[in-house]
Each structure stands twice: as C-alpha cells, then as structure tokens.
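The values are calculated or read from the model by the stated rules, or taken from the named source; none is laboratory data. Quantities reported herein were computed from a predicted structural model and do not represent experimental measurements. Quick reminder, even Gly has a Cβ in these numbers, built from the backbone with ideal geometry, and neighbours come from all protein chains shown.
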Amino acid sequence: MIEVVGVTKRYGDRVAVDDATFTVRPGLVTGFLGPNGAGKSTTMRMILGLDAPTAGEVRVNGKRYADHAAPLREVGALLEAKAVHTGRSAYNHLLALALTHGIPRRRVDEVIDLVGLREVARKRVGGFSLGMGQRLGVAAALLGDPHTLVLDEPVNGLDPEGVRWIRQLLRALVADGRTVFLSSHLMSEMELTADHLVIIGKGRVIADTSMADFTARFSRKVVRVRAQEAGTLRDLLVGPEVSVTAPETGLLEVHGLTSGEIGQIACRNAIPLDELTPVVASLEEAFMDLTQDAVEFSVHPDVLTERTAS
C-alpha cells in the first residue's frame, strides 16, 4: 500500500505538488493521470524517496521508503528506463542489482525470461531499442519480487504485443494481491488496465475514484436506439426536456431519457428495438473534460484551424 498524506513540494516559489492526499491499495491497478507539468513525476519521486516533501509524508507498506531494510524487495520502480550503464549487458545490469540486494542469481534468469529478453540478455544495453529498454526496466522493477510497483510510462516504446504483455502482467500481479501504481499518457491503454484513478492537475488531486465511476460521471447522457420504426418512436420520445437526433436511417440518439424509460415507451407502443445502448464517455473524453482548466501548455483551437487551413 502507498499512502500519500498532505504532501506538498515546493521548488523556490513554484509549487509542484500542493497538499496531495491519496491511497494506492493492493489488489488494484491504480492509474495516475494528469496533464504535462501537473506534478506526476514529482509525486512518484517522493514516493520513492528521491525527492523530500516540503510538507506531509509518504509511506510505502507502512514506512518511508528509506526506512525499509531491503527496499528493492518492497518496491519495484520504473521511472527512467534509460538510467542504465550502456556498456553493461542486460544480464550484468540485473546481476549487479541482485548482488547488492541479497537477491539470488536465479532470480535474474527468471525476470529475463519473464520480460522476454533471453535472446539479448548478454548484449550491451547501449544497443537496445526503446522497447527493449522498457522491458529491461520492468525486469529491474520485478527483480526483488516486490509487493508494490511504481511504474512511470511502462508501455512507452513497446509494440502492440509488448503493450498487451504488460497489461496482462499487471493484471496478474494485482490478482496476486499486489499494489500497482501506474502512469501513462495512453488513455486507451489506461482504460483497459486501470481499476482506480488518481488524477492530478496543477499539483492538486482533482479526482480519486474508480474507473467505472469516473467515466460514468462524465457520461454524455445519450442513449443510442435502433429500430425499424425509428420515425414513429422519435415522435413518441420527443418532449419539453427530451431531444432526439437521427445520425442515420434507423438510428436515434436520445438526450434526456434513460435507456429504461425509452424501453418502456417502446414496449407500450409495441415497437421492437434492435439496439438500446447508453453512451458512456471514454476515459480520454472524461479526462479532457475534467482537466481542461488544469492544462499548463495548450494551443487554442482557432490556431489549429488556421494552421491546417493554410
């Protein structure tokens, strides 16, 4: 478990993290989201003891990271995959970490196989692709068989097979009761992987909720309806607080009624339905809606329009 309690981090006059409080619980993949400059990396560094909070405290499995006798066995971390001596082989990099933490040599072979680097394990890391470097970073994070993982952009540079592999790996880890704290800019992948979300903007926590509740909260409250008698159904549905559009023949998009209410109206009037689907916002849509006032760097839409038209 990771507990962030009233944490603030200042760099001179700039507040990078502002009174952040949240808990990352075992058995869940907790996604950590925020616009660029929101304070995600700073928060992760404070969890791992690389930066000291100006105020507040961070506990990992009940202690400050620095107070653990064998931190690599408690917390596995991937913050910067390129932080490796490029002249070493992948095997020797992991072996050096293992020997300095009392981890047996056989564990090095286990994680090399786990991340799929067996064929290049004896090659120098300097020649690795970005995706291979990410796999090596994940191997280092798993080396101590820790109960808690902190991963910053672990799918960056991975091909589709690699992205699917990391997703399955994280799901297996939380199924084993482990704690996973994950940041990513790939919203579609986060939507498939995370159970819970912590969202930060301008240094402050602006959401701490389950994935399902978050996307439902930002649902567009639209119901898609397909029916052969769509015109008749439309006339029955339209009212003072209900609007209906017809994007294509036989399809209605209804604003102002629930799917249950639409189904009851159709049933009373003996109109068979081919589809009755509430439209829920995607994670990307919900995230953009929530953080629109917390973006540090943005381009006005008119500028984009002018650029593409010229």
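In the range 229-252, which residues are part of a strand (DSSP E or B) and either in contact with an Asp or Glu (Cβ under 9 Å, 6 or more places away or on another chain) or surrounded by fewer than 16 Cβ atoms within 10 Å (Cβ to Cβ) (or both)?
Gly239, Val242, Ser243, Val244, Thr245, Ala246, Pro247, Glu248, Leu251
Could you check the range 256-280 and list, in sequence order, the residues that are out of contact with any strand residue (DSSP E or B) (no Cβ under 7 Å at 6 or more places or on another chain), of a type outside the set (Val, Ile, Thr) and assigned to a loop (DSSP other than H, G, I, E, B)?
Asn269, Ala270, Pro272
Restricting attention to the range 281-306, and to residues there that are β-branched (Val, Ile, Thr) and in contact with a strand residue (DSSP E or B) (Cβ under 9 Å, 6 or more places away or on another chain), which single residue is modelled with the lowest pLDDT? Don't jump to the end; show me each part of the working.
Step one: of the range 281-306, the residues β-branched (Val, Ile, Thr) are 291, 295, 299, 303, 305.
Subset that is in contact with a strand residue (DSSP E or B) (Cβ under 9 Å, 6 or more places away or on another chain): 291, 295.
Values: Thr291: 79, Val295: 59.
The residue in question is Val295.
Out of Val225, Val163, I need the residue that is outside any loop (DSSP other than H, G, I, E, B) and not assigned by TED's automatic domain parsing to the domain that holds Phe22. Which one?
Sole residue among the options that is outside any loop (DSSP other than H, G, I, E, B) and not assigned by TED's automatic domain parsing to the domain that holds Phe22: Val225.
Take the residues of the range 211-222 that are of a type in the set (A, V, I, L, M, F, W, C) and in a helix (DSSP H, G or I): which is farthest from the chain's Cα centre (by Cα)?
Ala216
Determine which single condition Ala212 fails, assuming it passes every other condition in (1) of a type in the set (A, V, I, L, M, F, W, C); (2) modelled with pLDDT of 90 or more; (3) more than 20 Å from Ala20 (Cα to Cα); (4) surrounded by fewer than 18 Cβ atoms within 10 Å (Cβ to Cβ).
In the conditions (1) of a type in the set (A, V, I, L, M, F, W, C); (2) modelled with pLDDT of 90 or more; (3) more than 20 Å from Ala20 (Cα to Cα); (4) surrounded by fewer than 18 Cβ atoms within 10 Å (Cβ to Cβ), Ala212 misses (2) alone.
Output the number of residues of the range 71-113 satisfying the condition of being under 14 Å from Gly137 (Cα atoms), touching a strand residue (DSSP E or B) at 6+ places or on another chain (Cβ under 7 Å) and assigned to a helix (DSSP H, G or I).
0
Name the residues in the range 85-96 that are under 14 Å from Leu72 (Cα atoms) and touching a helix residue (DSSP H, G or I) at 6+ places or on another chain (Cβ under 6 Å), would you?
Leu94, Leu95
(1) assigned to a loop (DSSP other than H, G, I, E, B); (2) modelled with pLDDT of 95 or more: which one isn't true of Val150, the others all being true?
Every listed condition holds for Val150 apart from (1).
Counting only residues that are over 18 Å from Leu158 (Cα atoms) and among the charged types (D, E, K, R), how many does the range 76-118 have?
6
Taking the stated definitions as given, is Lys40 of a type in the set (D, E, K, R), within 29 Å of Leu283 (Cβ to Cβ) and assigned by TED's automatic domain parsing to the domain that holds Val155?
On the way: of a type in the set (D, E, K, R): yes; within 29 Å of Leu283 (Cβ to Cβ): yes; assigned by TED's automatic domain parsing to the domain that holds Val155: yes.
Against the criterion (of a type in the set (D, E, K, R), within 29 Å of Leu283 (Cβ to Cβ) and assigned by TED's automatic domain parsing to the domain that holds Val155), Lys40 qualifies.
Yes/no per residue for (1) closer than 26 Å to Ala172 by Cα; (2) crowded, with 19+ Cβ neighbours inside 10 Å; (3) at pLDDT 95 or above:
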residue: Arg14; (1), (2), (3): no, no, no
residue: Pro26; (1), (2), (3): yes, no, yes
residue: Gly37; (1), (2), (3): no, no, no
residue: Ile47; (1), (2), (3): yes, yes, yes
residue: Gly56; (1), (2), (3): no, no, yes
residue: Leu72; (1), (2), (3): yes, yes, no
residue: Thr86; (1), (2), (3): no, no, no
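May I ask you to verify whether Leu79 is under 21 Å from Arg135 (Cβ atoms), within 23 Å of the chain's Cα centre (by Cα), surrounded by fewer than 19 Cβ atoms within 10 Å (Cβ to Cβ) and in contact (Cβ under 8 Å) with a residue 40 or more places away in the chain? Write out each step before concluding.
On the way: under 21 Å from Arg135 (Cβ atoms): yes; within 23 Å of the chain's Cα centre (by Cα): yes; surrounded by fewer than 19 Cβ atoms within 10 Å (Cβ to Cβ): yes; in contact (Cβ under 8 Å) with a residue 40 or more places away in the chain: yes.
Answer is yes for this residue.
All but one of (1) farther than 27 Å from Phe128 by Cβ; (2) surrounded by fewer than 19 Cβ atoms within 10 Å (Cβ to Cβ) hold for Pro160; which doesn't?
So Pro160 meets the others, but not (1).
So Ala20 clears everything in (1) of a type in the set (A, V, I, L, M, F, W, C); (2) farther than 30 Å from Ser129 by Cβ; (3) without any contact (Cβ under 8 Å) to a residue 40 or more places away in the chain; (4) not in a helix (DSSP H, G or I) except one condition, right? Which one?
For Ala20, the exception is condition (3).
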